[in-house]
1. What about residue A:13, is it away from chain B (no Cβ under 13 Å), touching a residue at least 24 places away in the same chain (Cβ under 8 Å) and farther than 29 Å from residue B:81 by Cβ?
2. Would you be able to tell me the number of residues in the stretch A:25-36 that are facing chain B (nearest Cβ under 10 Å), in a strand (DSSP E or B) and either aliphatic (A, V, I, L, M) or farther than 14 Å from residue A:89 by Cβ (or both)?
3. Evaluate the following for residue A:104: is it open to solvent by 60 Å² or more (accessible area, probe 1.4 Å) and at pLDDT below 95?
4. What number of residues within the stretch A:37-50 are more than 10 Å from chain B (Cβ to nearest Cβ), open to solvent by less than 40 Å² (accessible area, probe 1.4 Å) and not in a loop (DSSP other than H, G, I, E, B)?
5. Select the helices (runs of 4 or more DSSP H) contained entirely in the stretch B:40-159, then report the ones holding at least 2 residues which are away from chain A (no Cβ under 14 Å) and either modelled with pLDDT under 80 or open to solvent by 80 Å² or more (accessible area, probe 1.4 Å) (or both).
Amino acid sequence: MAEEMKKYLHDLMNSTEDVLGIIITDRDGVPILKVAGEEAPELAMRPNFISTFSMATDQAGKLGMGKNHKMVCVYGNYQVVHFNKLPMVVTVIATNTANTGLLMDMDKEISALVSQLTHVVDI
Amino acid sequence: MGCCCSTEPETLSQDGEANERTRLLNDPVSSTYQVTASPSDYGNHYSSSATKKSDEQTALNRILQQTASNIIDVGALEYHTLEQHEYIERVRTYNQRLNTVPPQKIPNRAHHEAQLLCDVSAAERILSAQPISFADFNLMMSSAQKVVAALSHIKVDHKEDLVVPFGIP
């Protein structure tokens with residue numbers, strides 16, 4: 001079953017242009033499922049990078065505009081889109097020229113997979 | 001008709017019956033310290049005040065918790081650094097749980113509604129590219145028409161018989 005889920009993520013990554021990696025982690029950045037190409041930056045897949053989003057999304061949800069769902073971080077060479085699926089966090093890493101709207105639209109397909117992983121993480 | 005300030009002396013009702021001059025509210029000055037607690041009332045009074053205190057405390061705690069959850073304090077965020085052994089243990093736990101996931105249907109990525117260009121990975125890049133020039137387009141059209149015309153003129157020119165007898169005695 002884990003292999004099928006990885007294959008699904010792999011297909012999703014390859015079918016979207018300029019996507020370098022997709023990682024599903026818990027709120028501390030510990031990976032649950034991970035698919036990444038050779039060009040994906042290793043630093044962006046570390047727990048101490050991914051866990052900053054957990055804190056940021058909690059605080060952003062207190063701004064009076066409702067719960068925070070996604071965050072887009074655009075850097076010089078890459079862009080990173082985080083999805084809040086607490087208790088899980090999904091991180092999509094792509095090149096800086098990738099279509100950001102397309103990356104954010106991956107939410108629907110990722111949600112279908114994440115809904116089957118809720119029992120894996122202790123809430 | 002009465003007036004607010006009358007010069008006539010106030011005449012209270014001698015029977016104690018309510019009339020137009022009977023006070024609706026108690027006199028605030030004289031009624032403050034008139035609560036006398038009899039010995040039989042001590043127990044009830046104490047339990048009701050204790051209940052009231054605990055209710056107040058609960059309400060205060062709830063307000064405090066709500067405020068603490070709503071407050072945004074970026075400087076006070078505690079960053080919990082995962083230790084290596086804890087990280088490895090969690091990864092192992094998640095892998096075990098992943099393998100015990102009951103087989104469920106992986107959502108099919110094919111959509112049911114009709115989608116144009118769904119097999120093209122970067123359709124927006126191709127569609128937003130510069131279109132070909134009008135000269136190129138005309139060249140393509142004229143060349144295709146010439147090819148179609150040339151194809152229609154292909155015909156078999158029958159010169160010899162198809163069946164040829166061999167000269168075998």
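The values are calculated or read from the model by the stated rules, or taken from the named source; none is laboratory data. Just so it is clear, the structure is predicted and the values come from calculations on it, not from any experiment. As a convention, Cβ positions derive from the backbone with ideal geometry for all residues, glycine included, and neighbour counts pool all protein chains shown. Only protein heavy atoms, including side chains, enter the accessible area calculation; ligands, DNA and RNA are left aside. Shrake-Rupley method; radii C 1.70, N 1.55, O 1.52, S 1.80 Å.
1. No: the conditions fail for residue A:13.
2. Result for the stretch A:25-36: 2.
3. It is true that residue A:104 is open to solvent by 60 Å² or more (accessible area, probe 1.4 Å) and at pLDDT below 95.
4. Selection size over the stretch A:37-50: 3.
5. Helices (runs of 4 or more DSSP H) meeting the threshold: B:42-70, B:134-152.
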